[in-house]
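Student: Could you have a look at this structure, given as structure tokens, before my questions?
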Amino acid sequence: MNSCSDSDIDIEVINRVRNGSPVDFRILVDRYSDRIYRFLYAKSINRNDLDDILQETFLKAYLNISKYNESYSFSTWLYTIAYHEMCRFYLKKKNQREENQIDFIALPNNNDKTTLGIWEEASQLNAGFYTVLWLKYHEELEVKEIAVIMKSSVAMVKINLFRARNQLKKILLSEKNKSEKKKTQTITLSHNSI
């Protein structure tokens, strides 16, 4: 019985692409496009931008396939490229100041309103904190993989996770307090009108 891991299959396909079979790269696109799409989806301003970043991610991966280091998983390398493409995209948009006003887009296949609300609030975090939370809790990557993707140390990823969770907690508590204050004002107004 010959059982190959996903990593083994990726390496086999990568080697075929490196050896002159560019058509086989489509296999990698098919395997990873949904995961990379979801990663980028929550931070995109609109679908056209998302498609552009996704396309650039796979184009860069294809053009640089010879630089891929097999000691890391292909998905880690691809997330790294996607993350850097997203950063480049936001740098281009920085002059327009749209980054701080990104509307949250619901995650596909996720109807849990609590989860959606948390990711919506998390979108208020800076891009680095949001990304580290996303990779850890949505993509369920290990801290070591996140460090590779973000070109950071494991210790810095742990620090950023700690800080991101604390900032998100403050945002969520602030939203809860605002909601409770509105309820109190409504009750007071209703009582005064009697």
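Student: For residues that are aliphatic (A, V, I, L, M) and surrounded by fewer than 17 Cβ atoms within 10 Å (Cβ to Cβ), scanning just region 38-71, find the one that is nearest to A82 (Cα to Cα).
Tutor: L59
Student: Pairs under 7 Å by beta carbon, first residue in contact (Cβ under 8 Å) with a residue 40 or more places away in the chain and more than 13 Å from S73 (Cα to Cα) in region 11-32, partner surrounded by 13 or more Cβ atoms within 10 Å (Cβ to Cβ) and not hydrophobic (A, V, I, L, M, F, W, C), six or more apart or different chains?
Tutor: Taking only residues 6 or more apart or on different chains, the pairs are V17/D24; F25/Y62.
Student: List the number of the failed condition for T76; all other conditions in (1) at positive phi; (2) assigned to a helix (DSSP H, G or I) hold.
Tutor: (1)
Student: If only one of R26, R18, R35 is at pLDDT 90 or above, within 19 Å of T131 (Cα to Cα), surrounded by 12 or more Cβ atoms within 10 Å (Cβ to Cβ) and basic (K, R), which one is it?
Tutor: R35 is the lone residue from the list that is at pLDDT 90 or above, within 19 Å of T131 (Cα to Cα), surrounded by 12 or more Cβ atoms within 10 Å (Cβ to Cβ) and basic (K, R).
Student: Can you list the helices (runs of 4 or more DSSP H) found entirely within region 111-181 that contain at least 3 residues being at pLDDT below 85?
Tutor: Once the helices (runs of 4 or more DSSP H) in region 111-181 are filtered for at least 3 residues that are at pLDDT below 85, what remains is 113-122.
Student: A follow-up question, please. Filter region 115-138 for residues that are of a type in the set (D, E, K, R), free of Cβ contacts under 8 Å to residues at least 40 places away in the same chain and farther than 13 Å from L161 by Cα and give the result.
Tutor: E120
The values are calculated or read from the model by the stated rules, or taken from the named source; none is laboratory data. Note that the structure is a prediction, hence the values are computed from the model and not measured. Ideal geometry is used to build each Cβ from the backbone, glycine not excepted, and the neighbour counts take in all protein chains shown.
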